[in-house]
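Colleague: Just passing along the structure, written as structure tokens.
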Amino acid sequence: MNEKVWSTVDDYFSDALVGSDPVLDMVVRSSAEHGLPAIHVAPTQGKLLNLLVRLHGSQRILEIGTLAGYSAIWLARALGSGGSLVSLEGNSLHARLSRQNIESAGLSGIVEVMVGAAIDSLDRLIEQGTEPFDFVFIDADKENNDIYLGRVLQLLKPGAVIIADNVVRKGGVADRANHDADVEGVRRFIKLLADDERLDSTAIQTVGVKGWDGFSISIYQPQQSDD
Ligand code: SAH
Ligand code: DHB
Ligand code: MG
């Protein structure tokens, strides 16, 4: 295990394949200046989210956990014309800063930041009969991941993709002695993915500038195919 080498390699790929971006650099700087934690996705991961949206042709994205808008900008930039993104954020300072950053990125016309506890916002979206989503990025308080998934499943188009960040937690997820609330939430979430026949999933471990972690990927397909 060598976090320094992971970071060096991550920086190498970031420099070679992602490149620097004045808007995203500004988002990270403004986030630090306002005292927000540096828990946004890595540049290589932001680019991965962007590529996944384009591979899938997603048009309507739901994000749970906005922070300063870093991942939201990566995701929203991948949308074609007519696309939209709704991002849920519980902290009003984070929401305010993210809106400023999204504005600076020229994306405020297609990104909406909803302030409030994510469960309440999800209930509001369900109640309003909002247009269903075809791509979801879950990245808020991991102890509620299972509850988020239950709500999210009521908001999806068939064929939708669900990604959840931080499902590895330095190996905590598979450590029976670890009863951290976030880790337990991730385990309940993974169990739901496994048990729901409408979802087909995998999880991938990652190393890099964010240490050792990983994400899950699922496709939602309500119609059973008999093959
Ligand atoms: N996706 C962001 C990082 C999100 S960090 C990026 O990669 O750029 C997690 C965010 O979730 C924080 O801003 C935190 O305030 C928010 N959050 C935590 N618990 C929440 C809850 N119960 N409801 C809504 N937002 C929550
Ligand atoms: C934490 C949260 C995240 O979403 C992340 O990517 C890394 C760390 C955290 O709460 O510590
Ligand atoms: Mg995260």
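Colleague: Would you calculate, for the chain, the mean residue ellipticity at 222 nm contributed by helices, counting each DSSP H stretch of 4 or more residues as -39,500 (n - 2.57) and dividing by all residues, to the nearest 500?
Modeller: That comes out to -12000 deg cm²/dmol.
Colleague: Shifting gears a bit: Using only the alpha carbon atoms of region 137-176, find the Kirkwood hydrodynamic radius as the inverse mean reciprocal pair distance, in angstroms to one decimal.
Modeller: 11.4
Colleague: Between region 124-180 and region 61-77, what is the C-alpha centre distance in whole Å?
Modeller: A separation of 14 Å, based on Cα centres.
Colleague: Quick query: amide H of residue 69 versus all other amide H atoms, modeled in the peptide plane; which residues come in under 5 Å with a sequence gap of 5 or more or a different chain?
Modeller: Counting only residues 5 or more places away or on other chains, the set is empty.
Colleague: With an 8 Å Cα cut-off and a minimum separation of 6 or more residues, compute the relative contact order for region 3-165 in percent.
Modeller: 20
Colleague: Further, regarding this structure: So how long is each side of region 3-165 along the principal axes, counting just the alpha-carbon atoms, biggest first, in Å?
Modeller: Sorted largest first, the three principal extents are 45, 33, 31 Å.
Colleague: Continuing with this model, one more query. Going toward the positive end of the dipole of the chain, with +1 on Lys and Arg Cβ and -1 on Asp and Glu Cβ, which of 138, 2, 221 do you reach last?
Modeller: 2
Colleague: Also, quick follow-up: With charges only on Cβ, +1 for K and R and -1 for D and E, what is the dipole size of the chain about its Cα centre, in debye, rounded to 20?
Modeller: Using Cβ point charges on Lys, Arg, Asp and Glu, the chain gives about 280 debye.
Every number in this text was worked out from the coordinates using simple rules, so none of it is lab data. Please read these numbers as outputs of a predicted model, since none were measured by experiment. No Cβ is skipped: glycine too gets one built from the backbone with ideal geometry, and neighbour counts run over all protein chains shown.
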